[in-house]
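Below is one structure, written out as structure tokens; the observations come after it.
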Amino acid sequence: MNETHNPLWNQFLVIKNFNQYPVLSSLLTGYGGQSLFGYTYVDHEEGITLEILKLFTENDGEFIIDKDLPADRSRAILRFEHFSEMDFEIAEEYLINALKAEVPGYIKGYDRNDLISFRNEKAFDKFRAPGFTDDIQILLINNRNTPELIWGRVEDYNSVEKTGTSKLLVQPHQNFNLNNGDQLRFKWMDINNSLYAVGIIDHKPVKKWWQFRQK
């Protein structure tokens, strides 16, 4: 993967000699072209995704489009786990113009304007799941258990108050009176001179497996 200081979403990317990668040669069997041109976006549930837009060949400075997927009303995508290890480049402006590239309208359906500030909050980066910008580790703390980090998918975020709501993606190992799929509020807090997204656990009574019965 090429190093870049830009986020890997909302970018036009180029993968040269794409047939060298088995996953691409299989996905694009029967199509011509030497290089792949695509656009990355964030699928809230599936993570960073590369939408393959065009396959092209460069010949003496001229770019020949061999396959235009949106024009043919077809789609091919790669998830982050597949394309992140490939040798890709962020497309230069001249190439974007030469290929007359545009972001397909259907990709706008993945926009989450309410999460832009969260995705751009660099302090969360070390807690994010690779390729999943909206999934972070949240610290659970109470007076009964050892502190535990758990994965949650952020559903909203207030950049002023540094608070948000997440959906738990796994079951906690300990009894925090929380379950996989529950909503959990969190707040950006300083714990022992380190910043964490700390879960705000409601003080609900612990459920018991027994109950009294009247005769």
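Once you place label points 7 Å from the Cα toward the Cβ at residue 183 and residue 171, how far apart are they in nm?
2.3 nm
Averaged per residue, what accessible surface does the chain expose to a 1.4 Å probe, in Å²?
Per residue, the chain has 61 Å² of solvent-accessible surface.
Only sites in a loop by DSSP and with at most 13 other Cβ atoms within 10 Å count here; which trypsin sites (Lys or Arg not before Pro) in segment 1-89 make the cut? Numbers along the way, then the final one.
Numbers: sites: 16, 54, 67, 73, 75, 79; in loops: 16, 73, 75.
Counting only loop positions with at most 13 other Cβ atoms within 10 Å, the trypsin sites (Lys or Arg not before Pro) in segment 1-89 are 16, 73, 75.
Full-extension gain between residue 57 and residue 84, please, as 0.36 nm times their residue separation minus the C-alpha to C-alpha distance.
Extra length available between residue 57 and residue 84 comes to 7.5 nm.
What is the distance, in nm, between label points placed 7 Å from the Cα along the Cα-to-Cβ direction at residue 112 and at residue 148?
The two pseudo-label positions are separated by 2.4 nm.
Could you look at the chain and say what percent of its accessible area is carbon and sulfur, using a 1.4 Å probe and all protein chains?
Answer for the chain: carbon and sulfur cover 47 percent of the accessible area.
Exceeding 20 Å between C-alpha atoms, which entries from my cross-link table qualify? They are 108/187; 67/108; 108/167; 54/108; 16/108.
Details: 108/187 29 Å; 67/108 22 Å; 108/167 23 Å; 54/108 18 Å; 16/108 26 Å.
In this structure, 108/187; 67/108; 108/167; 16/108 lie more than 20 Å apart at Cα.
Mind checking the dipole of segment 1-63: about its Cα centre, +1 per Lys or Arg Cβ, -1 per Asp or Glu Cβ, Debye to the nearest 20?
Its charge dipole is roughly 140 debye.
Calculate, in nm to one decimal, what residue 96 and residue 129 gain on full extension: separation in residues at 0.36 nm each, minus their alpha carbon distance. Please list the in-between numbers first.
Numbers: separation 33, 0.36 × 33 = 11.88 nm, distance 3.01 nm.
Residue separation times 0.36 nm, minus the Cα-Cα distance, leaves 8.9 nm.
The values are calculated or read from the model by the stated rules, or taken from the named source; none is laboratory data. None of the values given here were measured: they were computed from a predicted structure. Cβ coordinates were reconstructed from backbone atoms using ideal geometry, including for glycine residues, and neighbour counts include every protein chain displayed. Ligands, DNA and RNA are stripped out before the accessible areas are found, and what is left, the full protein with its side chains, is counted by its heavy atoms. Shrake-Rupley method; radii C 1.70, N 1.55, O 1.52, S 1.80 Å.
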